[in-house]
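The values are calculated or read from the model by the stated rules, or taken from the named source; none is laboratory data. Quick caveat: nothing in here was measured; it's all calculated off a predicted structure. Note: ideal-geometry Cβ built from the backbone for every residue, glycine included; neighbour counts use all protein chains shown.
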C-alpha cells in the first residue's frame, strides 16, 4: 500500500510540475507579446515626436481653428439650408499652461496618445497571436478577419469622434457665456484630455459589434435577447452618450447616440448570423 501511495504521489507531483511549467511557459510567451507591443508604441511615439509640428498644428489644434474641415462643412450646410447660425464664426477661448512642465508634458502625452491610436492594429495583432494557439481550427476560421474588422471599426469610431463629436463639443462649450466678465482660459492638459477622451472613447464604442460577435460565439448572447433589450439599450446608449460628450448640448449628445443605435442594430444582425450558422451546423451533425 505504501509503495502504491508513493507511486501515486510521484505521479501527482509530475502532473503538478508539468502544469506549473506550462503556466510559466504561457507567462513567458505573454511577456514577449507585451514587450513587442510596448516597443511598437515607443516606435510610433518617436515617429509622432519627429513630426510634432504637424501633430500640434494640424491634429491637436485643428478643432480649435475656424478652417477645420467640420466647421467649413457646417458653414456650407448652413448656406444650403439658409441657416446662418449653423456656421461657426468664433471659438472664444485661449489655451494656457499653468505649470512649469505643462508644455513639455503636452508634447509627451500627445505623442503617447497618438502612438496608442496608431499602434492599435498592432496591439490587436499581438492579442490575436497570443490567443490563436488556444483556439480550435473551427474557432480560428470563424475568428478570421478579427484584427481587420476591429481596426476598421476603431478607425471609423475615432474619425467620427475627432471630426464630429470633438468640434461640436468644443464649439458648444466655448460659446457658452454666462457673463462678459468671464473669459475662457483653458489649460492645455484639459484641452488635450477632452480631445483624446472623445476620440478614443468613440473608437472603443464602435467595437460593439466585435464584442457581440465574441459573446454570441461563446453562447452568452442571442439575437432574441438583444431584440428584447432594445428599450434598455436605448437608455444605456443615451446615458453613455451623455457621459462621452462633455457638453450639455442635446444635439451633440444625439449625434453621438445615433451611430451607437445603428451599431446596436448591426450587432443584432451579427448575433443572428452567428446563431444561424450554429443552427445549420447542429442540423448537419444530427442528420449524419
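Would the range 221-229 turn up any residue that is within 17 Å of residue 158 (Cα to Cα), free of Cβ contacts under 8 Å to residues at least 60 places away in the same chain and either part of a helix (DSSP H, G or I) or outside the structural domain of residue 117 (by TED's automatic domain parsing) (or both)? First the steps, then the outcome.
So in the range 221-229, the residues within 17 Å of residue 158 (Cα to Cα) come out as none.
No, every residue in the range 221-229 fails to be within 17 Å of residue 158 (Cα to Cα), free of Cβ contacts under 8 Å to residues at least 60 places away in the same chain and either part of a helix (DSSP H, G or I) or outside the structural domain of residue 117 (by TED's automatic domain parsing) (or both).
Condition check ((1) farther than 21 Å from residue 117 by Cβ; (2) within 24 Å of the chain's Cα centre (by Cα); (3) part of a loop (DSSP other than H, G, I, E, B); (4) touching a residue at least 12 places away in the same chain (Cβ under 8 Å)) across all residues:
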| residue | (1), (2), (3), (4) |
| --- | --- |
| 25 | yes, no, no, no |
| 30 | yes, yes, no, yes |
| 33 | no, yes, no, yes |
| 39 | no, yes, no, no |
| 48 | no, yes, no, yes |
| 66 | yes, no, yes, yes |
| 78 | yes, no, no, no |
| 85 | yes, no, no, no |
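Only residues that are part of a helix (DSSP H, G or I) and either surrounded by fewer than 17 Cβ atoms within 10 Å (Cβ to Cβ) or not assigned by TED's automatic domain parsing to the domain that holds residue 196 (or both): list them for the range 91-106, please.
The answer is 102, 103, 104, 105.
Within the group 153, 198, 159, which residue is within 23 Å of the chain's Cα centre (by Cα), at negative phi and surrounded by fewer than 17 Cβ atoms within 10 Å (Cβ to Cβ)?
Within the list 153, 198, 159, the selection yields 159.
Give the residues of the range 175-206 that are within 17 Å of residue 107 (Cβ to Cβ), assigned to a helix (DSSP H, G or I) and touching a residue at least 24 places away in the same chain (Cβ under 8 Å), sorted by residue number.
188, 189, 191, 192, 195, 196 - these are the residues of the range 175-206 that are within 17 Å of residue 107 (Cβ to Cβ), assigned to a helix (DSSP H, G or I) and touching a residue at least 24 places away in the same chain (Cβ under 8 Å).
Can you tell me which of 235, 243 is surrounded by fewer than 13 Cβ atoms within 10 Å (Cβ to Cβ) and under 19 Å from residue 173 (Cβ atoms)?
243
Consider residue 144 against the criteria (1) free of Cβ contacts under 8 Å to residues at least 40 places away in the same chain; (2) over 25 Å from residue 267 (Cβ atoms); (3) outside any helix (DSSP H, G or I): it satisfies all of them except one. Which criterion is unmet?
Among (1) free of Cβ contacts under 8 Å to residues at least 40 places away in the same chain; (2) over 25 Å from residue 267 (Cβ atoms); (3) outside any helix (DSSP H, G or I), residue 144 violates only (2).
Would you say residue 212 is more than 25 Å from residue 163 (Cβ to Cβ), in a helix (DSSP H, G or I) and touching a helix residue (DSSP H, G or I) at 6+ places or on another chain (Cβ under 8 Å)? Before you say what the answer is, go through the steps one by one.
Working: more than 25 Å from residue 163 (Cβ to Cβ): yes; in a helix (DSSP H, G or I): yes; touching a helix residue (DSSP H, G or I) at 6+ places or on another chain (Cβ under 8 Å): yes.
Spelling it out, residue 212 is indeed more than 25 Å from residue 163 (Cβ to Cβ), in a helix (DSSP H, G or I) and touching a helix residue (DSSP H, G or I) at 6+ places or on another chain (Cβ under 8 Å).
A quick yes/no check of all residues on (1) surrounded by 14 or more Cβ atoms within 10 Å (Cβ to Cβ); (2) assigned by TED's automatic domain parsing to the domain that holds residue 47; (3) at pLDDT 90 or above:
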site: 75; (1), (2), (3): yes, yes, no
site: 79; (1), (2), (3): no, yes, no
site: 84; (1), (2), (3): no, yes, no
site: 89; (1), (2), (3): no, yes, no
site: 119; (1), (2), (3): yes, yes, yes
site: 125; (1), (2), (3): yes, yes, no
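When you scan the range 270-281, how many residues do you find that are over 17 Å from residue 141 (Cβ atoms) and surrounded by fewer than 13 Cβ atoms within 10 Å (Cβ to Cβ)?
1
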